[in-house]
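The values are calculated or read from the model by the stated rules, or taken from the named source; none is laboratory data. Keep in mind it's a predicted model, so treat the numbers as computed, not measured. Because the Cβ atoms are built from the backbone with ideal geometry, glycine has one as well, and the counts that use them run over all protein chains shown. For the accessible areas, the whole protein counts, side chains as well, though only heavy atoms, and no ligand, DNA or RNA atoms are used. Shrake-Rupley method; radii C 1.70, N 1.55, O 1.52, S 1.80 Å.
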Amino acid sequence: MAKKMTLHLRIWRQPNPHTPGKFVTYTIRDVSSDMSLLDLLDVLNEELIKKGEQPVEFDNDCREGICGMCGFLVNGVAHGPKRGRTACQQYLRDFKDGETITLEPFRAKAFPVIKDLVVDRSALDRIMAAGGYISVNTGSAPDANSIPIPKDIAEQAFDAAACIGCGACVAACPNASASLFVGAKIAHLALLPQGQPERIRRVLRMVEQMDKEGFGDCSNHGECEAVCPKNISIKHIAIMRREYLRALFCS
Amino acid sequence: MAAWPRSSVAKKFLNAIAGIGLFLFVVVHLLENLLLLTGNPDDYNRWAHFLESFGVGLRIVEIGLAAFFIAHIWSSLLVYWDKVKARPQGYRVYRTAGGTSRQTLSSRTMIYTGLVLLAFVIWHVITFRFGPYYPIMVDGVEMRDLHRLVVEVFNEPINVVLYVGVMVFLGLHLRHGFWSALQSLGAYHPRWTPLWYSGGVLIAGALAVGFVVIPLWVYLYL
Ligand code: HEM
Ligand code: SF4
Ligand code: FES
């Protein structure tokens, strides 16, 4: 049963990358407990616009946990209290009536704040461009069964491919390391036959780009796995390291 | 390619290999020092003399051990420095999500427990390795009376307190370090990783307790 709730939102407001930000607290009354956290931000923004104030900027798109656009820290945890979910899939029923919810942008040198809760995650795209691809001829789609892949391999590759590139792993990591994201991408392609031709180059280049972007190194805190909305395991960080060793000895 | 030793992944290979080397040394070192508890001072001195009899061989092992320390410290400082640079503005509100997170007091304090261990190791080497030479005759052979030195050092309460304190830091360092080193080398396994994650707690605890018992024993009974 939906209840009516009153919530206080303590939100990081920062007008642009160059002006220091600060927390501002807003109170929203009589909202339904079945609303999502992003719905709550919509309600707040409606009120702010009516009052002639700047609405709170936040990234979002699908609002069903599949696109990877949304994400910020909710009470100190990337994406929020419920595990295995994106910020857009957090619901008010998981908060207490009258609670103050703190929303803070992902923080990393490689993720500069653009405005309020919006950060620039294009560093992840540049890592992908450095090696997270396979080379195939374009044209008509190949027959789906032309390359047989054993089911267990397909499943492992799919577990890795489930990464939506949201960057929560970086945000939650005490070192601001992108190892879980990069590990998932490397593992996904290294497992599949289509990924073999660039296998050695891929891991070297993606790791090099990850370092260039200014992400920290992995100290195995494992915090990334705990906040990942797709439950990507730190197994993939180990796979990245094995791929790296293999590349050092094979090239 | 030339940049690979500086790469985030390679740094951790080096840190982990050196860390495992230091860990193995610590295990052997504990077993050696349990000879202090046999009740016969000659056992301890005989073993030390036996090691010393390798001469150049022992010097090479000592230099190797020093190299492991340097490699470990150097790589861990790089990891720490990169971490500091990677998040110039910290969170106002941050907490661990719990669940499968392996973030603990131990994992968060590796650099501090490590630096305490470094200071300790320097003090330790000066006190014992380069400490006073007391001669003693055992089995008709003159050798260094290290047993006497250890007893002297650990009859000072302040030394016992410091030593016991540092061993808590060693336990904390290895509580995260043990499983982390394996993970850094890519050794993840869905069944074994949880096992050596928990096993690391036991091993770290056992090592710390072992090293705590020795100075207390010496203080109380020798
Ligand atoms: C008795 C001596 C020592 C032993 C047995 C030891 C053991 C280890 C082990 C096994 C690891 C895990 C390696 C990994 O995460 O891949 C580790 C990590 C670490 N050690 Fe040590 N260590 C010792 C001394 C030191 C010293 C003197 C420092 C001084 C700076 C230090 C700093 C670190 C740091 C910062 C890490 C974490 C690296 C990271 O965050 O990724 N350790 N140590
Ligand atoms: S690994 Fe998980 S947390 Fe990291 S970017 Fe991918 S989906 Fe997001
Ligand atoms: S908006 Fe698409 S995952 Fe949240």
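The accessible surface of region A:1-101, taken with every protein chain in place and a 1.4 Å probe, is 46 percent carbon and sulfur. A simple spin-label model places pseudo-atoms 7 Å from Cα toward Cβ; at A:PHE249 and A:LYS22 they are separated by 5.8 nm. When the charge dipole of region A:4-115 is built from unit charges on Cβ atoms (+1 for Lys and Arg, -1 for Asp and Glu) and taken about the Cα centre, the candidate among A:GLN90, A:PHE111, A:TYR26 whose Cα reaches farthest toward its positive end is A:PHE111.
For chain A, modelled as a GNM whose springs connect Cα atoms under 10 angstrom apart, the maximal fluctuation among A:THR19, A:THR102, A:THR86 occurs at A:THR19. Taking every protein chain into account, the accessible area of region B:70-171 amounts to 55 square angstrom per residue (probe 1.4 Å).
Calculated from DSSP H runs of 4 or more alone, at -39500 (n - 2.57) each and per residue, what is the 222 nm mean residue ellipticity of chain A, nearest 500? List each step's numbers first, then the result.
Working: 8 runs with 88 residues, N = 251.
Result for chain A: -10500 deg cm²/dmol, rounded to the nearest 500.
Tally the DSSP beta bridges in the protein assembly as shown and give the antiparallel ones as a percent, rounded to 5. That works out to approximately 80 percent antiparallel. Estimated from the Cβ-Cβ distance and a Förster radius of 41 angstrom, the FRET efficiency linking A:ASP125 and A:SER33 is about 0.65. From the Cα gyration tensor of region A:4-115, with a ≥ b ≥ c the square roots of its eigenvalues, which class applies: rounded if a/c is under 1.5, or else prolate if a/b is larger than b/c, or else oblate? Oblate, because a/c is 1.5 or more while a/b does not exceed b/c. Around the amide H of A:PHE23, modelled in the peptide plane, lie the amide H atoms of A:ARG13, all under 5 Å away and 5 or more residues distant in sequence or on another chain. Summary of the geometry: region B:146-222 and region A:148-185, compared by the centres of their Cα atoms, lie 35 Å apart.
Mind listing the long-range amide H neighbours of A:THR102? Cut-off is under 5 Å, sequence gap 5 or more, other chains count too, H placed in the peptide plane at 1.01 Å from N. For A:THR102, the qualifying residues are A:ARG10, A:ASN75. Buried between A and B is an accessible area of approximately 3900 Å², summed over both sides with a 1.4 Å probe. Coupling constants for region B:45-55 follow from the phi torsions by the Karplus curve (6.51 cos²θ - 1.76 cosθ + 1.60, θ = phi - 60°), and in residue order they are 5, 4, 5, 4, 5, 4, 4, 4, 5, 6, x Hz; glycine and proline get x.
Compute the normalised compactness of the protein assembly as shown: alpha-carbon radius of gyration over 2.2 N^0.38 Å, N being the residue count.
Values: Rg = 27.4 Å, N = 473, 2.2 N^0.38 = 22.8 Å.
Ratio of Rg to 2.2 N^0.38 Å for the protein assembly as shown: 1.20.
Remark: for residue pairs A:LYS3/A:LYS115; B:LYS11/B:LYS83; A:LYS4/A:LYS230, the C-alpha separation exceeds 23 Å in A:LYS3/A:LYS115; A:LYS4/A:LYS230.
Please label the shape of region B:26-71 as rounded, prolate or oblate, based on the square roots a ≥ b ≥ c of the eigenvalues of the alpha-carbon gyration tensor (a/c under 1.5 means rounded; beyond that, a/b larger than b/c means prolate, else oblate). Oblate.
Per-residue Karplus couplings for region B:75-83, computed as 6.51 cos²θ - 1.76 cosθ + 1.60 with θ equal to phi - 60°, are listed in order as 5, 6, 5, 5, 4, 5, 5, 4, 5 Hz, Gly and Pro entered as x.
Work through the residues other than A:ILE149 whose Cβ is under 15 Å from its Cβ and net out their charges, Lys, Arg +1 and Asp, Glu -1.
Values: positive: A:LYS151; negative: A:ASP143, A:ASP152, A:GLU155, A:ASP159.
Net of charged neighbours comes to -3.
Taking the C-alpha atoms only, the angle from helix B:192-221 to the longest principal axis of chain B is near 30 degrees.
Multiply the residue gap between B:PHE50 and B:LEU195 by 0.36 nm, knock off their C-alpha separation, and tell me the result in nm, one decimal place. Could the numbers behind the result be given before it?
Working: separation 145, 0.36 × 145 = 52.20 nm, distance 3.74 nm.
Value of the extension gain: 48.5 nm.
Pull out the extension gain between B:THR104 and B:LEU162, defined as 0.36 nm times the separation in residues minus the alpha carbon to alpha carbon distance; nm, one decimal.
Details: separation 58, 0.36 × 58 = 20.88 nm, distance 2.42 nm.
Taking 0.36 nm per residue and subtracting the Cα distance, the gain is 18.5 nm.
A simple charge model with +1 on the Cβ of Lys and Arg, -1 on the Cβ of Asp and Glu and nothing else charged puts the dipole of region A:121-250 at about 220 debye relative to its Cα centre.
The HN-Hα couplings worked out from phi for region A:162-174 by the Karplus form 6.51 cos²θ - 1.76 cosθ + 1.60 (θ = phi - 60°) are 5, 4, 9, x, 6, x, 5, 4, 5, 4, 7, 5, x Hz, whole numbers, x standing for Gly and Pro.
The sum of -39500 (n - 2.57) across all DSSP H runs of n ≥ 4, divided by the residue count of chain B, sets its helix-only mean residue ellipticity at 222 nm to -23500 deg cm²/dmol.
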